[in-house]
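Presented below is the structure to which this report refers.
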């Protein structure tokens with residue numbers, strides 16, 4: 001018998017002998033005990049739910065570990081096979097990544113669109129630009145026409161390729177598409193800037209100077225103009241010498 005039941009029973013037995021004052025105190029005490037017991041029952045129920053949730057999370061963690069081990073084994077076998085054979089060129093619209101340098105390994109992992117994009121953005125944030133560039137490029141070629149290929153995607157993909165220092169064709173492909181399809185985008189001027197700098201790296205000085213002239217006339221008070229004009233001044237000084 002719990003404390004509340006004992007108190008109520010005692011109250012019933014003593015009622016004929018107790019004053020009204022005492023009865024009110026007893027009833028008040030009973031009310032407080034009742035509230036505490038209700039709180040205890042609620043906490044006990046919540047505690048059971050939390051333990052169940054912890055068990056589910058432990059199961060999910062173990063499942064992910066098993067999946068990761070499986071993928072590592074597949075990756076190891078795939079790498080061994082590629083290292084033991086002659087590299088083959090793949091068909092692509094722009095310069096492909098050789099099998100030895102392929103960080104996406106799409107044929108091994110069969111990535112979904114959301115997985116490819118998540119990895120591309122994560123690697124970009126961590127400044128792993130080569131890996132990021134490859135995942136952005138894989139997304140744009142494997143999932144052509146996907147709704148996620150918008151102006152922000154194209155700009156980020158272009159910057160990743162530029163910063164990698166290895167894929168100027170990818171830079172131009174992404175940024176040209178942004179410039180032609182999103183003329184009102186907030187990334188438009190940035191796309192023009194990095195597009196021009198890529199042409200400069202490739203030795204296409206006429207295209208670089210055309211962009212410089214456009215910025216000089218239209219966007220002189222922008223951050224992009226400061227970057228372009230600095231490169232322009234360096235080139236002028238070079239030719240003067």
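The values are calculated or read from the model by the stated rules, or taken from the named source; none is laboratory data. These numbers come from a predicted model, not from an experiment. Ideal geometry is used to build each Cβ from the backbone, glycine not excepted, and the neighbour counts take in all protein chains shown.
Could you pull out the residue among 139, 124 that is surrounded by 21 or more Cβ atoms within 10 Å (Cβ to Cβ) and in a helix (DSSP H, G or I)?
When all the criteria are applied, what remains is 139.
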**OP:** Would you confirm whether any residue within segment 175-187 is within 29 Å of residue 211 (Cα to Cα), part of a helix (DSSP H, G or I), within 20 Å of the chain's Cα centre (by Cα) and assigned by TED's automatic domain parsing to the domain that holds residue 223?
**Re:** no
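Taking segment 110-126 on its own, how many of its residues are more than 20 Å from residue 145 (Cβ to Cβ) and in contact with a helix residue (DSSP H, G or I) (Cβ under 7 Å, 6 or more places away or on another chain)?
3
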Subject >> Cβ-Cβ under 7 Å pairs, at least 6 apart or on other chains, segment 221-237 side under 13 Å from residue 208 (Cα atoms) and not assigned by TED's automatic domain parsing to the domain that holds residue 200, far side part of a helix (DSSP H, G or I) and modelled with pLDDT of 90 or more >> reply: none
Original post:
From 222, 198, which residue is modelled with pLDDT under 95 and within 24 Å of residue 150 (Cβ to Cβ)?
Top reply: 222
